[in-house]
Amino acid sequence: MSFTLSTLVLLVLGPLLVWRIYSRVKGAMGRQASVPSRHWLGVLVCVVAIVVAALELGRDPLLYASWGAGLVFGIGWGVFGFKRTRRIENDEGHFFVPYAPLGMTISLLFAARVLYLMVDLYLAQGSNAPREPFMASPLTVASITLVSGYFLTISAGLLRWRLLNK
C-alpha cells in the first residue's frame with residue numbers, strides 16, 4: 001500500500017480535526033445564557049432537519065425504521081438530558097448548563113458519522129464506481145434524526161422553561 005502526499009496530510013489533519021471538534025463541543029457544554037430566540041431557532045432547525053430527512057428517504061422501509069428509531073432515541077435522550085440540565089435564574093439573567101456527558105456523546109457520534117462520510121468520499125475520488133445517495137445509509141439517517149431529536153427536545157424544554165419563568 002503506497003501513501004500519496006494527500007493521504008499523509010489526511011492522516012495528520014484527521015486527529016487535529018477530531019481534537020478541534022471535541023474542544024468546540026466541550027466548550028459548548030458550560031454555562032450559557034438562555035436566549036429565547038436561540039431556542040426558537042434550535043427548534044426550527046431541528047424540525048426542518050427531521051422533515052427534510054423524511055422527505056429524502058424514498059420507499060425503503062429500513063430507512064424509515066432507522067429514521068424513526070433515531071428520532072425516538074434522540075427525543076428520549078433529550079428528555080433524560082433536559083432533566084439533568086441545570087437551569088439558573090439570578091439577578092444577572094437566565095442561564096443553563098447542559099448535561100455534558102450525554103450532549104458530548106451525541107454530538108461526537110454525529111461528528112464521527114460526518115467524518116466517516118468525508119473520508120469515504122475522499123477515498124472514492126477518481127474511481128468510476130457508482131456512489132449511493134447520501135441518505136441511503138440507515139446509519140446516516142439514524143444519526144441525523146438522533147441529533148435532531150435530542151437538540152429539538154433540549155431547545156423546546158429550554159424555551160418552555162423561559163416562557164413559564166418570565
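Within segment 70-92, can one find any residue that is small (Gly, Ala, Ser), at pLDDT below 95 and either surrounded by 13 or more Cβ atoms within 10 Å (Cβ to Cβ) or not in a loop (DSSP other than H, G, I, E, B) (or both)?
no
Answer yes if at least one residue in segment 96-106 is closer than 25 Å to Ala136 by Cβ and surrounded by 14 or more Cβ atoms within 10 Å (Cβ to Cβ), and no otherwise. Outline the logic, then answer.
So the first thing to find is which residues in segment 96-106 are closer than 25 Å to Ala136 by Cβ, and the list is 106.
From what's left, surrounded by 14 or more Cβ atoms within 10 Å (Cβ to Cβ): 106.
Within segment 96-106, one or more residues are closer than 25 Å to Ala136 by Cβ and surrounded by 14 or more Cβ atoms within 10 Å (Cβ to Cβ).
Just checking, which of Val48, Val35, Val18, Val25 is closer than 30 Å to Asn165 by Cβ, in contact (Cβ under 8 Å) with a residue 24 or more places away in the chain and surrounded by 11 or more Cβ atoms within 10 Å (Cβ to Cβ)? Break it down stepwise before answering.
Numbers: Val48 fails: in contact (Cβ under 8 Å) with a residue 24 or more places away in the chain; Val35 fails: in contact (Cβ under 8 Å) with a residue 24 or more places away in the chain; Val18 fails: closer than 30 Å to Asn165 by Cβ.
Being closer than 30 Å to Asn165 by Cβ, in contact (Cβ under 8 Å) with a residue 24 or more places away in the chain and surrounded by 11 or more Cβ atoms within 10 Å (Cβ to Cβ) holds for just one of Val48, Val35, Val18, Val25, which is Val25.
I'm told Gly76 meets every condition in (1) more than 14 Å from the chain's Cα centre (by Cα); (2) farther than 24 Å from Met29 by Cβ except one. Can you identify the failing condition by its number?
(2)
From the list Ala129, Ala111, pick out the single residue that is more than 23 Å from Ala49 (Cβ to Cβ) and either free of Cβ contacts under 8 Å to residues at least 12 places away in the same chain or in a helix (DSSP H, G or I) (or both).
Ala129 is the lone residue from the list that is more than 23 Å from Ala49 (Cβ to Cβ) and either free of Cβ contacts under 8 Å to residues at least 12 places away in the same chain or in a helix (DSSP H, G or I) (or both).
The values are calculated or read from the model by the stated rules, or taken from the named source; none is laboratory data. Note that this is a predicted model, so its numbers are computed, not measured. Note that each Cβ is placed from the backbone with ideal geometry, even for glycine, and that neighbours are counted across all protein chains shown.
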